[in-house]
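What follows is a set of notes on a single structure, which appears directly below.
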Amino acid sequence: MRQRYELVRTLLPPCKVERLLEIGYGSGIFLPELSKYANELFGADVHPHPRDVAVALDACGVTAKLTSADASALPYSDQQFDIVVSVSSLEFITDLRAACGEIARVLKPSGSLIVVTPASSPLLDFGLWLLTRQSAKRDFNGRRESVIPTLQQHFEIEQAIHYPKGVGALMPLYRALRLRPHLPPEH
């Protein structure tokens, strides 16, 4: 977990932004750290427990406006967010193309999308199976391989980093990207 947060932190701007949205906030584990980078913090996740997560965050002194929503139909206004963060969640979205369109819609033209996603490697997949008996092929159904190409239909990659450093470029566990929305064509 810590490594993924460090990847996000490396890609965040040095100063606070007005509004930050986390897609796939889950238990809210990253929200306390993300709150340091935004005046207003938002979260969208498909699970039906935003109130429970908000109560837990409130106990930690973190205020976040959480909602139960699918990333392919976000309940936010156009160009509402300065930063959208997604950590290990895009690869689980069935209609990733629609979700990317929605993220581009709610992100300000000057905003950034920060994504951390697991890499795809037969060797790593075999290691996962040995350690956990989980099948990456079954769990992700090829979506890991489609995350970056689908993102590039809506966004331009500004910066890419891998974890772990060094061998990560050859066989990364995670890829982290900072992306900007494609600018609409001028008339």
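Just to check your reading of the model, which residue among Ala98, Ala73, Ala64 is at pLDDT 95 or above and either surrounded by 19 or more Cβ atoms within 10 Å (Cβ to Cβ) or within 21 Å of Ala38 (Cα to Cα) (or both)?
Step by step, each of Ala98, Ala73, Ala64 is checked, and only Ala64 is at pLDDT 95 or above and either surrounded by 19 or more Cβ atoms within 10 Å (Cβ to Cβ) or within 21 Å of Ala38 (Cα to Cα) (or both).
Do the conditions hold for Asp139, that is, is it of a type in the set (D, E, K, R) and at pLDDT 85 or above?
No; evaluated as a whole, the condition is false for this residue.
On the phi > 0 side of the Ramachandran plot and either buried (at least 19 other Cβ atoms within 10 Å of the Cβ) or in contact with a strand residue (DSSP E or B) (Cβ under 9 Å, 6 or more places away or on another chain) (or both): is that true of Gly26 in this structure?
Taking the combined requirement at face value, the residue satisfies it.
Return yes or no: is Thr94 of a type in the set (S, T, N, Q) and in contact with a strand residue (DSSP E or B) (Cβ under 7 Å, 6 or more places away or on another chain)?
On the way: of a type in the set (S, T, N, Q): yes; in contact with a strand residue (DSSP E or B) (Cβ under 7 Å, 6 or more places away or on another chain): no.
So Thr94 fails the test.
Provide a single number: the residues in the stretch 103-116 that are surrounded by fewer than 22 Cβ atoms within 10 Å (Cβ to Cβ) and within 15 Å of Thr10 (Cβ to Cβ).
Total satisfying the criteria: 0.
Given the criteria within 26 Å of Ala44 (Cα to Cα), within 14 Å of the chain's Cα centre (by Cα) and modelled with pLDDT under 95, does Glu91 qualify?
Criteria met by Glu91.
Hey, could you check the stretch 32-49 for residues that are farther than 21 Å from Thr94 by Cα and not charged (D, E, K, R) and say which is surrounded by the most Cβ atoms within 10 Å (Cβ to Cβ)?
Leu34
The values are calculated or read from the model by the stated rules, or taken from the named source; none is laboratory data. From a predicted model like this one, the values you see are computed outputs, not experimental measurements. A quick note on method: Cβ atoms are made from the backbone with ideal geometry, for glycine too, and the neighbour counts reach across all protein chains shown.
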